[in-house]
Amino acid sequence: MTTSAHDSSTDAPPHSATQRRVLTVLVASQILSGAGLAAGITVGALLAQDMLGSTDLAGLPTALFTAGSALAAVGVGRVSHSRGRRPGLAAGYLTGAVGSAGVVAAAAVGSAVLLFTALLVYGAGTATNLQARYAGADLAAPAHRARAVSTVLVATTLGGVVGPTLAAPAGVLADALGIPTLAGPFLLSGTAYGLAALVLLVRLRPDPLLLARRLEAERHAAGAATTAQTPDSSRGPGLVLGTLTMIVAQLVMVAVMTMTPVHMHDHGHSTVASGLVIGIHVGAMYLPSPVTGWLVDRYGRRTVAAAAGLTLLAAGCTAAAAPAHSVVLLALALALLGLGWNFGLVSGTAMITDALPPATRAKAQGMADVSVAVAGATGGLASGVVVSAGSFPVLALASGILALAILPAVAATAAGR
């Protein structure tokens with residue numbers, strides 16, 4: 001019987017059953033955290049605009065909670081590395097819940113300083129939501145790794161689509177509690193993140209990363225192959241290209257997404273309309289994941305990474321050309337934006353995980369996500385400045401063109417293979 005590191009036939013009885021359990025628990029937590037993530041996205045820029053009275057800094061909330069996610073990615077990665085995925089992910093979600101409560105308090109007292117501080121803390125939920133995808137791949141066979149990642153990502157869809165649609169009812173609840181309407185969705189975020197942490201603490205057993213390390217050590221002790229990963233010659237390019245693909249996809253996606261609700265609000269659209277568009281966008285970010293995972297495993301990581309760049313370009317062009325009054329075309333543009341991001345994230349995650357052994361995986365994955373989060377913060381902060389100096393179409397078109405940077409990187413690594 002073969003002892004190959006991730007041979008599904010060898011590990012089938014205990015390993016496959018454990019992987020299914022891990023994915024089930026991650027799916028449950030992602031549904032909850034997706035609602036928390038999307039609710040905050042929907043009104044974050046509007047809340048800042050309302051409190052500051054200026055569009056110039058409307059992109060600051062996204063920049064802050066994305067910067068916070070960068071810091072949290074380091075923390076979640078380090079805790080996961082030393083203690084496992086369960087305490088790392090749970091701690092991240094609990095931190096996001098605390099940040100949500102801080103945003104509500106800031107809106108209630110009208111403190112911009114508290115708002116910005118709380119948004120930094122709130123970003124931990126965003127980082128943890130993304131870090132969970134790595135947990136889905138810890139025990140997956142290499143040939144099915146992208147599909148395991150996609151299973152975790154698609155679970156965010158339900159919460160991500162439902163979250164923005166609850167923005168209006170959450171605002172009504174906020175009114176009833178005597179706090180600003182736009183703070184309502186953050187009540188939802190805090191509750192959702194807290195429940196996601198509880199699910200992980202109680203149900204994510206055994207810990208997938210710790211188990212993957214133990215299995216790897218047992219295989220080494222038995223004289224098995226020295227690594228379960230792809231050949232050493234592909235480690236450098238895979239790690240670099242995977243990180244670059246995710247960085248570009250995140251920067252472009254955050255920049256356009258952040259200013260879409262502001263753009264719609266400035267042209268007379270309601271919160272319900274902008275919530276619908278963001279809901280479609282978040283759905284497109286996660287819902288195609290099973291198909292994307294299959295495409296990545298079937299046609300290769302680089303092929304789908306290149307498709308990410310082209311899809312993001314199409315999204316930018318569509319958003320730039322869409323009339324301000326057309327909810328349909330804006331929704332189409334944001335759907336393409338989400339799909340391009342999905343292509344980039346799944347293919348990039350698979351490349352990074354392929355390149356890393358279990359012993360060093362969590363810490364390196366956390367650092368990769370730091371780069372992604374910094375790119376998102378840059379996109380969020382720059383988006384308001386670009387729109388203020390130019391226009392939303394200028395931002396959208398420039399972002400789409402920037403996405404093409406993925407293509408030469410793909411070509412260079414493919415040539416060097």
Filter result (more than 12 Å from ALA249 (Cα to Cα) and touching a helix residue (DSSP H, G or I) at 6+ places or on another chain (Cβ under 6 Å)) within the stretch 379-403: GLY380, LEU381, SER383, VAL386, VAL387, PHE392, PRO393, LEU395, ALA396, LEU397
Looking across the stretch 100-114 at residues that are in contact with a Gly (Cβ under 9 Å, 6 or more places away or on another chain) and β-branched (Val, Ile, Thr), the single one that is surrounded by the most Cβ atoms within 10 Å (Cβ to Cβ) is VAL103
Restricting to helices (runs of 4 or more DSSP H) lying wholly in the stretch 304-417: which have 2 or more residues that are charged (D, E, K, R) and buried (at least 19 other Cβ atoms within 10 Å of the Cβ)? 358-389
When ALA140 is run through (1) in contact with a Ser or Thr (Cβ under 7 Å, 6 or more places away or on another chain); (2) crowded, with 24+ Cβ neighbours inside 10 Å; (3) under 30 Å from ALA359 (Cα atoms), the failure sits at (1)
Filter the stretch 34-60 for residues that are within 18 Å of the chain's Cα centre (by Cα) and modelled with pLDDT of 75 or more; the one that is surrounded by the most Cβ atoms within 10 Å (Cβ to Cβ) is GLY36
Among the residues listed as LEU153, LEU120, the single one being closer than 30 Å to THR271 by Cβ and touching a residue at least 60 places away in the same chain (Cβ under 8 Å): LEU153
Hits in the stretch 72-117 (condition: under 21 Å from PRO206 (Cα atoms), out of contact with any Ser or Thr (no Cβ under 7 Å at 6 or more places or on another chain) and hydrophobic (A, V, I, L, M, F, W, C)): VAL79, ALA90, ALA91, LEU94
With the structure loaded, tell me whether VAL291 is in a helix (DSSP H, G or I), surrounded by fewer than 22 Cβ atoms within 10 Å (Cβ to Cβ) and of a type outside the set (Phe, Trp, Tyr) or whether it fails that test. yes
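The values are calculated or read from the model by the stated rules, or taken from the named source; none is laboratory data. Here the structure is a predicted model, which means the values were calculated and not measured. In this analysis, Cβ positions are derived from the backbone assuming ideal geometry, glycine residues included, and neighbour counts consider all displayed protein chains.
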